[in-house]
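A.B. asks: The structure that follows is given in the form of structure tokens.
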Amino acid sequence: MWRVAVLACFVTMVFGGKAPTIDLNDGHKIPVVALGTGRGTAGAAPIDEVRDAVFWAIEAGYRHIDTAAVYGDEEQVGQGVADAIKKSLVKREELFITTKLWNDKHARASVVPALRESLARLGLDYVDLYLIHFPIAAKSDGSPDDTDYLDTWKGMEEAKELGLARSIGVSNFNATQIDRLVANSKVKPAVNQIEVNPTLTQEPLVSHCQDLGIAVMAYSPFGFLVTRKTADAPPPRVDDPTLVRIAQKYGKNAAQIVLRYLVDRGLVPIPKSANKDRIAQNIDLFDFELTKEEVAEIGKFNKNVRVIHPTGWEKYPNYPF
Ligand SMILES: NC(=O)c1ccc[n+]([C@@H]2O[C@H](COP(=O)([O-])OP(=O)(O)OC[C@H]3O[C@@H](n4cnc5c(N)ncnc54)[C@H](OP(=O)(O)O)[C@@H]3O)[C@@H](O)[C@H]2O)c1
């Protein structure tokens, strides 16, 4: 608790945000909560909400925003960032912006131009983190492509050398793909962004990455907690007795307990919200800490069930799941 409190205090002084940071393997630091802006799985929410959501998030103390070329919202993210800078809430260097390379830009020569396009939409000179969104490659019509992600990674290394991305990493890579990338590259990925939540706890892949010094960002952090209430969706939900008991102990709600569970595992959760109050709740996580027993108890919800399992890609080379 003492260590977390001191770190949080240090971070508040240096970065002005609410979330502490963890060290990446390339010397940079990553704030441990990011605002998610991808809206696809959250009910195809309107893109216009993104600009305000980003502004409210920065106002509430977020310093890390997650977007991707394929979300189609980099422009709105850039507008929210620009609004916050204009109102002197933050300086650019206090923010950590993550975006991602889509599957149809995997050719080595396409990576830097794709990043330059993202930067133009964001209105930025650099991103803090650029990720290969999926290990699979596709042609522009969406059909399978056999570009090897090792070639794509060479383009990512060029982006880093040019200073267009401070850190580079991957998303949706499995352990075998991580090992092959690490064994065959100059620059080790700083991050693997994967789905982690109480119904998909991913202990083996998370430990594998962390043992290699690769930070793990946790997407769809709520799993089936608050949305996706189909009849066969696995627990927990917000009214789950275990989560309610833990939440009452700390004066928090079930969503905050799930996010703190991820933070206490050393992960970087990416909660998506476009609601001002929920955006603020989702970063109000740093005045308490779960016990090891509570982390283990929440881990018992694991069913190895994914929220995100793209259909139709199973036969593509390098399908990761
Ligand atoms: N790398 C990848 O392949 C990948 C894949 C999926 C997602 N992602 C990233 O991860 C982010 C989050 O994932 P996600 O959007 O799938 O799921 P999520 O963040 O787990 O869930 C989002 C849903 O939870 C609701 N919500 C947020 N905070 C809440 C709270 N405190 N209480 C109750 N409900 C709450 C949101 O509604 P409101 O907006 O109404 O609050 C929204 O419907 C994405 O936005 C994206 O940035 C990456």
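The values are calculated or read from the model by the stated rules, or taken from the named source; none is laboratory data. Since this is a predicted model, take the numbers as computed values, not measurements. Glycine also receives a Cβ, built like all others from the backbone with ideal geometry; neighbour counts cover every protein chain displayed. With ligands, DNA and RNA removed, areas are computed over all heavy atoms of the protein, side chains included. Shrake-Rupley method; radii C 1.70, N 1.55, O 1.52, S 1.80 Å.
A.B. asks: Quick one: how many Å² of residue 260 are accessible to a 1.4 Å probe, rounded to 10?
C.D. replies: Number for this one is 10 Å².
A.B. asks: Now for a separate question. So how much slack lies between residue 47 and residue 288, counting 0.36 nm per residue of separation and subtracting their Cα-Cα distance, in nm?
C.D. replies: 83.4 nm
A.B. asks: To the nearest 0.05, what FRET efficiency results for residue 250 and residue 89 with a Förster distance of 35 Å applied to their C-beta separation?
C.D. replies: 0.80
A.B. asks: Sorting check: for 117-126, 218-227, which peptide has the highest mean count of neighbouring beta carbons within 10 Å, and how do the rest follow?
C.D. replies: In decreasing order of mean packing, 117-126, 218-227 become 218-227, 117-126.
A.B. asks: A follow-up question, please. Helix-derived [θ] at 222 nm for the chain: sum -39500 (n - 2.57) over DSSP H runs of at least 4, divide by residue count, nearest 500?
C.D. replies: -11500 deg cm²/dmol
A.B. asks: Return the carbon/sulfur percentage of the accessible area of the chain, one whole number, probe 1.4 Å, all protein chains in place.
C.D. replies: Ligands and nucleic acids excluded, carbon and sulfur give 53 percent.
A.B. asks: Here's something else I'd like to know. Along the Cα-to-C-beta direction of residue 150, a point sits 7 Å from the Cα; which residues of segment 114-132 have their amide N less than 20 Å from that point?
C.D. replies: Of the residues in segment 114-132, 132 have backbone N under 20 Å from the label point off residue 150.
A.B. asks: If I stretch the segment between residue 309 and residue 227 completely, what's the gain in nm (0.36 nm per residue apart, minus their alpha carbon distance), one decimal?
C.D. replies: Using 0.36 nm per residue and subtracting the Cα-Cα distance, I get 27.9 nm.
A.B. asks: Pairs 29/139; 86/249; 87/139; 139/300; 154/315: which exceed 32 Å Cα-Cα?
C.D. replies: Beyond 32 Å: 29/139; 86/249; 87/139; 139/300.
A.B. asks: Please compute the per residue accessible area over the chain with all protein chains in place, 1.4 Å probe, rounded to a whole number of Å².
C.D. replies: 43 Å²
A.B. asks: Also: Given Cα pairs under 8 Å that are at least 6 residues apart, what percent is the relative contact order of the chain?
C.D. replies: 19 percent
A.B. asks: Give the percent of DSSP beta bridges with both residues in the chain that are antiparallel, rounded to the nearest 5.
C.D. replies: The antiparallel fraction comes to roughly 20 percent.
A.B. asks: What is the spin-label model distance, in nm, from residue 296 to residue 139 if the labels are put 7 Å beyond Cα along the C-beta direction?
C.D. replies: Modelled inter-label distance: 5.3 nm.
A.B. asks: Sorted by accessible area with a 1.4 angstrom probe, largest first, how do 238, 263, 191 fall?
C.D. replies: The ordering from most to least exposed comes out as 238, 263, 191.
A.B. asks: Here is a follow-up. Would you mind counting up the charge near residue 278? Only other residues with Cβ under 11 Å from its Cβ, with Lys and Arg at +1 and Asp and Glu at -1.
C.D. replies: Neighbourhood net charge equals 0.
A.B. asks: Between residue 185 and residue 157, what length in nm is gained on full extension when 0.36 nm per residue of separation is reduced by their alpha carbon distance?
C.D. replies: 9.2 nm
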